[in-house]
Each structure stands twice: as C-alpha cells, then as structure tokens.
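The values are calculated or read from the model by the stated rules, or taken from the named source; none is laboratory data. Bear in mind the structure is a predicted one, so any value in this text is a computation, not a measurement. FYI the Cβ positions are ideal-geometry reconstructions off the backbone, even for glycines, and counts take in every protein chain you see.
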Amino acid sequence: MLRISQYLREVAEAERTGAWPVPPPARGAGRPTRPVVIWNLTRRCNLTCKHCYALSADHHYPGELDEAQMLAVLADLKAYGVPALILSGGEPLLSPHLWPLAARARELGFHLGLSTNGTLIDAAMADRIAAHGFDYVGISLDGMRAAHDRFRRLEGAFDRSLAALRLLRERGVHIGMRYTMTAMNGEELPALLALMREEQVPKFYFSHLNYAGRGNIHRGRDARFEATRAAMDLLFETAWQAARGGEPHEFVSGNNDADGVYLHQWVRARFPRWAAPLRERLVAWGGNASGVGVANIDNLGHVHPDTMWWHHDLGSVRDRPFSAIWEDRSDPLMDGLQRKPRPLEGRCGACPQADICGGNTRVRAQQLTGNAWAEDPGCYLDDAELGLATETAGGPDALA
C-alpha cells in the first residue's frame, strides 16, 4: 500500500521550510518485521460483487475454522509479533466468530481493522462495532448509486453503504472509503472524491483491479493505462491540495506498486529539488509487500502470501502454526518474494525502478503468463519513463 498523503505531506513541509523533514521511524525498526495479517473469517457474503477475489456468495461454506481454532491462531499471531489484523470476508459481519475474536484481539493489543461492504450496518450494528473499538473500518464504494449497485449486483447497496459510513462516523469510528477501479467504473472517481469531502470521510483507499477470483474473470475490463494515469493524476492532485492545506485527509493506493514510481515522477516534474529525498523514502518503502509485510489467512485456515494468492497454498493453521508456515522458505514463491531483490524477469528484471516498486504485483504476472517472476502486465509506465534503454516487446503499449 502506497501512503500517498504521507509522502506529499513531507513534500509540502519541505516546500514550506526549505528542508526535507526527518521521516518517522520505520515500524519494527531494530527487530524483525512481522506482517499485517488479513484474515478472511468467512467466505459467505450477502453480495456477489463483480471483482470479488474470494468468489463469495450468500450460502454456508463448509470446513471454516471454528471459534476455538481462531482463538488459538490469534494467540500464535500475538506471540509471533504480528502488529495488526484486518478482519475481512466474504462479509465478516456474517461470521458468528467476529465478535469474540475482535474482543480478544483488542485485549491482546492488536491494531484492529474491519473490511466490510457496509450493507448490514444499521444503528444497532454501528453501536456494536463502536463498542468493540476497531481502529479502522473500511467500507467499499465503487461508484455513485447506479454504478455501485451495478458493480455490487444489489439495488440499494449504495444507499445502505453510505448510511453505514454516516452511522459509524457519528459514533466516532475511524472510517474510510474503498474504491476498486476498472473500465466499468473509472469515470466514478471524481464524484467519489467529492463525496468523501462532503461526508467528512477521513480516508480514501484506491485499489487497482487485481487478477484474482472474479477480478481475474473480469480482467479484460481492467482500466487501460491512460485511464489509470489520469486517475492517479487526480488522486495525487487531490492529496497534494489536502497536504498543502494542512487537511487531515488520507489518500492511499494498493495493488499496483508502480504508483510509487509514478508519484516520484509526479513530484519530480513539479518540485524537482525534492525528487531525490522522496526517492530515498520510496526505496525504503520498497513497494510490493506480498509474502513480506502482508499475509493472508483464508476462511478454511490456509495461509497465502496475500489475499490475491488464494490459488497458492502455503499450508494450513490446522496443521502448523502461522508463525511456522511464515518462516518456512522451502516454498519457491515465498522464497522469491522474500528475496531482496526479487528474481524478476523480462521488463521488470531490467527496470531501474524496481527498488521502488519491488517488482510490482507478482500475481498479475503469474495469472497472465504462468510465471510469477515475469514482467507485471499492470505496469502503466513506458520504458522511457522507467529509464530502460529501449522499448521491449512486453511494454505497456504491447499490452494496451
């Protein structure tokens, strides 16, 4: 995840003071970094969204972890030093184990997030969420009313999700809007950014379409590169205006770590004297975190490098603790993800910006070519921008 606002606030402070600010200390400095764990408590969902990586539907899925198993996993995660949990689904509010797990996670001191479609949140549910002390609740809005309802395949979904944001905001819960851009809803971004301001939502998460689950089925509708660049330009400009004005709004992006390279170019074109220190910060960030800074446990207890890798099983928490699975580098994919630099091939292997993006999203390469180390087909920068000597056959123009 690229914390756009964080970096642009540093640029804004540098512009104001004439010196690049001292960056905050890195999380986990001086000790091994443990991943943030995204935990799909259930696969069941009341929606069947067009881009769902879990291929969820509204029925029971047999074999899911029971409450005792979940609490045992939670204890292992705490002992291992995992700092944060994001409880997801399916729709996590449909899991009978959400509340005892969340309560215990708070007792153990985890930073605790909840990822929900919001359609099941009424006043009573909002009270319950607030009482459990979630540090963050993200609710997906993939367009204004017509577009969102079409994307989510439920008439009235937009109104219910927007009402949920309002109910949680009124109760002091830290909330955010989540938006996944595809060719089906790319024109919705300006209106959603305006809605964020109108509704006083403090955080906006922009997700690129990734090739997993229904997102893989619909990848032919992925927004093409010019649309992606236009969207990022708008997001960067919106985040810059907020940073320059001292506003607290947060803008982040995910599932395409080329955004870090593009942000560096965006800043270099406008504030060239801060390009070098910003690049240092982006290299320290390191781009794609799959298998390193982020992990996934699915509803059946299988561990994956992240949520987009459900087709690649690292092992089950029924058989081995999460900590043992995560430390095991005998799996070739995990070994490659945890190498620095990664064993990238093709255009990504030759790219001088790979130290920023970390090779971008490996699952897109794997889904398209069968090779997790091939060049990422989602990179929207051309060879000249990346500093490659010549256009390669696999460059963006060839994939557009």
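Results, tabulated for the structure shown:
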{"read-out": "Criterion: surrounded by 14 or more Cβ atoms within 10 Å (Cβ to Cβ), touching a helix residue (DSSP H, G or I) at 6+ places or on another chain (Cβ under 9 Å) and modelled with pLDDT of 95 or more - qualifying residue of L55, L85", "value": "L85"}
{"read-out": "Some residue of region 388-397 being in a helix (DSSP H, G or I) and out of contact with any Ser or Thr (no Cβ under 6 Å at 6 or more places or on another chain)", "value": "yes"}
{"read-out": "Residue match in region 136-145 (condition: more than 23 Å from the chain's Cα centre (by Cα) and either of a type outside the set (F, W, Y) or more than 24 Å from N296 (Cα to Cα) (or both))", "value": "yes"}
{"read-out": "Residue tally, condition of a type in the set (D, E) and under 18 Å from V303 (Cβ atoms), over region 61-105", "value": "3"}
{"read-out": "L71 vs. criteria within 22 Å of the chain's Cα centre (by Cα) and not in a loop (DSSP other than H, G, I, E, B)", "value": "no"}
{"read-out": "Set M181, M144: member being modelled with pLDDT under 95, among the aliphatic types (A, V, I, L, M) and either crowded, with 23+ Cβ neighbours inside 10 Å or under 29 Å from L235 (Cβ atoms) (or both)", "value": "M181"}
{"read-out": "Selected residue (criterion: nearest to the chain's Cα centre (by Cα)) from residues of region 195-222 that are crowded, with 20+ Cβ neighbours inside 10 Å, at pLDDT below 85 and of a type in the set (A, V, I, L, M)", "value": "L209"}
{"read-out": "One residue from V303, V292 being within 25 Å of S88 (Cβ to Cβ) and in contact (Cβ under 8 Å) with a residue 60 or more places away in the chain", "value": "V292"}
{"read-out": "Contacts under 6 angstrom Cβ, first residue in region 236-257 being on the phi > 0 side of the Ramachandran plot, partner in a strand (DSSP E or B) and polar (S, T, N, Q), 6 or more apart", "value": "N255/S207"}
{"read-out": "Test: D328 is closer than 22 Å to D76 by Cα, surrounded by fewer than 19 Cβ atoms within 10 Å (Cβ to Cβ) and without any contact (Cβ under 8 Å) to a residue 12 or more places away in the chain", "value": "no"}
{"read-out": "Filter result for the condition that a residue is surrounded by 16 or more Cβ atoms within 10 Å (Cβ to Cβ), under 19 Å from the mean Cα position of the chain (by Cα) and assigned to a helix (DSSP H, G or I), over L162, L192, L168, L114", "value": "L192"}
{"read-out": "Meets criteria (touching a residue at least 60 places away in the same chain (Cβ under 8 Å), crowded, with 21+ Cβ neighbours inside 10 Å, on the phi < 0 side of the Ramachandran plot and not aromatic (F, W, Y)) for S95", "value": "no"}
{"read-out": "Number of the condition not met by F251 [criteria: (1) among the aromatic types (F, W, Y); (2) farther than 14 Å from R229 by Cα; (3) assigned to a helix (DSSP H, G or I)]", "value": "(3)"}
{"read-out": "Matching residues, region 295-338, being among the hydrophobic types (A, V, I, L, M, F, W, C) and part of a loop (DSSP other than H, G, I, E, B)", "value": "L300, W310, L314, V317"}
{"read-out": "Residue match in region 32-47 (condition: among the hydrophobic types (A, V, I, L, M, F, W, C), modelled with pLDDT under 95 and more than 26 Å from H312 (Cα to Cα))", "value": "no"}
